[in-house]
Amino acid sequence: MRLEIEKVSKRYRRGVLALETFSLELKPGVLGLLGPNGAGKTTLMSILATITKATDGRVLWNGADIARNPDVLRSVLGYLPQDFGVYPNLSAVEFLEYLAAVKGLDAATAARRIDELLELVNLTEVRKRPLGGYSGGMKQRVGIAQALLNDPQLLIVDEPTAGLDPEERVRFRNLLSDLSGERIVILSTHIVSDVEATATDIALIAKGSLVAHATPEALLLQVEGKVWEWVVSSADLNAAKQQFLISSTTRRSDGVHVRVLGDEAPANAKPVTPNLEDAYLYCLSEHRSAAQPGTRRGVKA
Amino acid sequence: MSRSRALYHMVRADFLERVRRYSFLLTLAFSVYLGYAVNSGQVTLRLGAYRGVDNSAWLGSVIGLVATVWLTLVGFYVVKNSIQRDRQTRVGQVLAATPMSKSFYALGKALSNFAVLAAMVLVLALAALVIQLSHGADSHIDLFALLAPALILGLSAVAVTAALAVLFESLPALRGGVGNIFYFFLWTFLLTESVGGVIGSGAASSLQTFKDYSGITSVMGQMRAQLQQFDPQYGDGASFGFGNASTSTKTFLWTGVKWSSTLVFSRGLWLGIAVGVALLAALFFDRFDPARDGLGIRRKQRPVASSKSLGGSPGLPSFDAQPAQRSVAHLVPVSHTGSRTRFFALVLAELRLMLRSHAWWWYVVAAGLIIACLASPLDVARSGILVAAWLWPALIWSQMGTREAQFSTGPLIFSAPHAVRRQLLACYSAGVLVAALTGGGVALHLLFARDIAGLGAWATGALFIPALALALGVTTGSRKFFEALYTAWWYVGPLHHIPRADFMGTTAASSTPVGYLAAALLLVLLAYAWRTVRLANA
């Protein structure tokens, strides 16, 4: 089971370049695709889900080009788009039955699978109510169920935790972890904690380009010794923000505890253990510096 | 002052949003086509054997009547989406949270609709100028005589259309397909009332002038009076519409519409009616209240939740409220190697999806029509009841090819294997099944009577109607084009058994099955090709 993305570019009609010579090779596990808004994550997901085609480059599923032969991938694909709709007059069961038919599942398999999935996403109790009355979180769970209908080998989930409350998010992360194993799961998000909890690999994307592809441990290693905690007064906070790359701030009785990323420590700052959010911000900052020399904010000006 | 500024910006924003869409060019193209139809003689105004000399007065009057008659029909379907767009883009919820009143919003939407329709009228008015410059018999341009009918009659008529579109969008019952079909009959009624003075004899009375929504009675009444002075032998024959001009062999000099105070006042009255209709719409406008969104969800069923999350809703299942009995490890694997195409299951799923959104009484009427077909003599069933039986499911067919765009389910469906071919053909097959079921009584009659030719015509109708719905749905992404075109075609063709236009084959004389069979095939191929190309270039 292998998914290869080879020098993929996507240019939209109005000339916007959403992806630029993007390459990546994936094997079973959970890939966390991280990037800021507008980085090209959804475009990449749409190409991998055969919804749109790359302008250049190709995507291979077990060696087969999915632009030429999309059905090779579609029969083993589960896709939860960022924005999707439901038919409001159908119940969850009827909607899933319809999509199972579209995906080519036989009636017996579909019936069994739908029962199991509704139980998995805890919608059994409301399975016969029209989807038009469901909340955003419940519709998202119907989306998760439909993505798993055909027991996919490639599962693509685009911003899946948007609209879920904290409890539901935790549950969904656990579900994703359980689903990995003998399948490739691609989780696209800009919420670092979602990736931190589930991903076996991380790809960072910015302005349509691959910034980094590594294990979470390798990414964390990159910022080892470059994260500092520094206490400043409220009055000095704005000046600190101008001088340093700051990943978080916490107000306490002794002042504002600022988490600073940089090769050199500010005066009186203590080194702290980095987390994935630090690594993400650091990598993006490094990428911006490389693209536009002179813009780096990781050290004192 | 600030209110008028707010109104201006509301109308401006709505107008710009529309004119920057590709579909607006198609709208203007329709106006250009109407101008071309007048120029090429496809649309004619005749008074017995007479037509006017091609001067500014005659061309301006013809174009003015084209604007009032045709733009009031087609224009309605063009602009009946302004509130829906605010609902879909969720801009409406932002507006609802402002101090804006409902009447202010309804008036703004009516004005925005009017601006779009006025652009269409202006294009037509310019067409009159181009026609006269290109080959008018009289090279003298009288701008007032040329443009006044379109601007005075046309703009006041489309103002009513603009306001009616807002009213229909504000009434939940008329917001969808029912409204699209109902408007055709309302337009027919208004036009019939308007034309009443032409059918009668003599000049239009004041009452007729005020009832004259399109201005056709006023204009043609004056024309007839002038022609009678020119040729006392002229009777009272008059016609206006799509037809062959070759039967008009004589010409007379038409000097133009006399804008009497009664006529001008009547147009002002219709403008006032337009404002009244817009204000009436405000009474029914739901101000984007999601509890009154009129999605067609059966309200008797208890809504599951009103909030985004269910975390705090007692008694309702959240993702983690209680540990799910089943975990991923317990899911039974699905075999991918044995996956076969199960087309018939998909057809049934499509059929169920089509029929699901209707209330019980819809099925009662459909069943009644089937029984009536079976119980009636064959000629009555074929020429009468079948016509009704195949109008009844129009709102089912109009869903075809549009659901994926309407409900944003495209990404879920089109990422499935063989989705375009299988789903499209399954959808078409389900549409044919609906036709076969609702018109089944006549088919059985024809079968028992061994009327093979009749059965062939019936089958062609059953194949053609869903093909038309599918092709229009896939290409336009909207239900209303099929609903409008089908209703108008149904009225002209099957209802009046007009040869060539009768796609249902309601009589042996009006039936032309071979052409419609070929058209059905072409329409299905068009839908398939269109969707394939659209998805390939997404």
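A:Gly136 meets each of the listed conditions (1) in contact (Cβ under 8 Å) with a residue 12 or more places away in the chain; (2) surrounded by 21 or more Cβ atoms within 10 Å (Cβ to Cβ) apart from (2). Which residue, of A:Val93, A:Val86, A:Val76, is facing chain B (nearest Cβ under 7 Å), in contact with a helix residue (DSSP H, G or I) (Cβ under 7 Å, 6 or more places away or on another chain) and of a type outside the set (Asp, Glu)? Just a single option satisfies the conditions, and that option is A:Val86. Which residue is farthest from the other protein chains (Cβ to nearest Cβ), if the candidates are limited to the range A:101-110 and must be outside any loop (DSSP other than H, G, I, E, B) and under 14 Å from B:Leu331 (Cβ atoms)? The qualifying residue farthest from the other protein chains (Cβ to nearest Cβ) is A:Ala110. Annotation: A:Arg113 fulfils all but one of (1) surrounded by fewer than 22 Cβ atoms within 10 Å (Cβ to Cβ); (2) within 7 Å of another protein chain (Cβ to nearest Cβ); (3) of a type in the set (D, E, K, R); the unmet one is (1).
State whether one or more residues within the range B:41-53 are touching a residue at least 40 places away in the same chain (Cβ under 8 Å) and at positive phi. So far as the range B:41-53 goes, yes, one or more of its residues are touching a residue at least 40 places away in the same chain (Cβ under 8 Å) and at positive phi.
Kindly state which helices (runs of 4 or more DSSP H) lie completely within the range B:153-217 and contain at least 1 residues that are surrounded by fewer than 24 Cβ atoms within 10 Å (Cβ to Cβ), out of contact with any strand residue (DSSP E or B) (no Cβ under 6 Å at 6 or more places or on another chain) and modelled with pLDDT under 90. Reasoning before the result, please.
Values: elements: B:155-170, B:177-199, B:206-211.
By residue number, B:177-199, B:206-211.
Sub-7 Å Cβ pairs linking a first residue in the range A:163-184 that is within 9 Å of another protein chain (Cβ to nearest Cβ) and in a helix (DSSP H, G or I) to a second residue that is among the β-branched types (Val, Ile, Thr) and surrounded by fewer than 21 Cβ atoms within 10 Å (Cβ to Cβ), at least 6 apart or interchain, are A:Leu175/B:Val328; A:Asp178/B:Val328; A:Leu179/B:Val328, ordered by first then second residue.
Taken over the range B:411-435, the criterion of being farther than 18 Å from B:Val524 by Cβ and in contact with a Pro (Cβ under 9 Å, 6 or more places away or on another chain) is satisfied by B:Pro411, B:Leu412, B:Ser415, B:Pro417.
Per the listing A:Arg251, A:Arg169, A:Arg173, the residue uniquely in contact with a helix residue (DSSP H, G or I) (Cβ under 8 Å, 6 or more places away or on another chain), farther than 27 Å from B:Ala416 by Cβ and surrounded by 16 or more Cβ atoms within 10 Å (Cβ to Cβ) is A:Arg169. The set of residues from the range A:71-81 being of a type in the set (A, V, I, L, M), outside any loop (DSSP other than H, G, I, E, B) and surrounded by fewer than 23 Cβ atoms within 10 Å (Cβ to Cβ) comprises just one member, A:Val72. In the range B:3-17, the residues that are assigned by TED's automatic domain parsing to the domain that holds B:Val79 form Cβ pairs under 9 Å with partners that are of a type in the set (Lys, Arg) and part of a helix (DSSP H, G or I), at six or more places apart or across chains, as follows: B:Met10/B:Lys109; B:Val11/B:Lys109; B:Asp14/B:Arg85; B:Asp14/B:Lys109; B:Glu17/B:Arg85.
Which ranges mark the helices (runs of 4 or more DSSP H) fully within the range B:42-106 that have 1 or more residues being out of contact with any Phe, Trp or Tyr (no Cβ under 6 Å at 6 or more places or on another chain), among the β-branched types (Val, Ile, Thr) and surrounded by 19 or more Cβ atoms within 10 Å (Cβ to Cβ)?
Details: elements: B:56-79, B:82-88, B:91-96.
Helices (runs of 4 or more DSSP H) meeting the threshold: B:56-79, B:82-88.
Of all the listed residues (A:Arg14, A:Arg68, A:Arg58), the sole one being in a strand (DSSP E or B) and surrounded by fewer than 18 Cβ atoms within 10 Å (Cβ to Cβ) is A:Arg58. Let me confirm something: among B:Ala436, B:Ala416, B:Ala430, which residue is at pLDDT 95 or above and buried (at least 20 other Cβ atoms within 10 Å of the Cβ)? One residue alone meets the criteria, B:Ala430.
Results for (1) closer than 30 Å to B:Leu191 by Cβ; (2) out of contact with any Phe, Trp or Tyr (no Cβ under 8 Å at 6 or more places or on another chain), shown as yes or no for each residue.
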{"residue": "B:Gly440", "(1), (2)": "no, yes"}
{"residue": "B:Ala443", "(1), (2)": "no, no"}
{"residue": "B:Phe464", "(1), (2)": "yes, no"}
{"residue": "B:Pro499", "(1), (2)": "yes, yes"}
{"residue": "B:Ala508", "(1), (2)": "no, yes"}
{"residue": "B:Tyr516", "(1), (2)": "yes, no"}
{"residue": "B:Leu525", "(1), (2)": "no, yes"}
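Hey, does the range A:56-73 have a residue that's modelled with pLDDT of 90 or more, within 9 Å of chain B (Cβ to nearest Cβ) and under 21 Å from the mean Cα position of the chain (by Cα)? Within the range A:56-73, one or more residues are modelled with pLDDT of 90 or more, within 9 Å of chain B (Cβ to nearest Cβ) and under 21 Å from the mean Cα position of the chain (by Cα).
The criterion of being out of contact with any Asp or Glu (no Cβ under 9 Å at 6 or more places or on another chain) and either at pLDDT 85 or above or over 29 Å from A:Asn275 (Cβ atoms) (or both) does not hold for A:Gly181.
Screening the range A:124-162 for residues that are farther than 22 Å from A:Arg74 by Cα and of a type in the set (Lys, Arg) and picking the one that is nearest to the other protein chains (Cβ to nearest Cβ) gives A:Arg129. Whether a residue is small (Gly, Ala, Ser), touching a helix residue (DSSP H, G or I) at 6+ places or on another chain (Cβ under 7 Å) and assigned by TED's automatic domain parsing to the domain that holds B:Val79 was assessed, and B:Ser40 does not pass this test.
Flag: A:Val223 does not match the condition of being of a type in the set (Val, Ile, Thr) and touching a Ser or Thr at 6+ places or on another chain (Cβ under 8 Å).
The values are calculated or read from the model by the stated rules, or taken from the named source; none is laboratory data. Predicted, not measured: the structure shown is a model, and the values here were computed from it. Quick reminder, even Gly has a Cβ in these numbers, built from the backbone with ideal geometry, and neighbours come from all protein chains shown.
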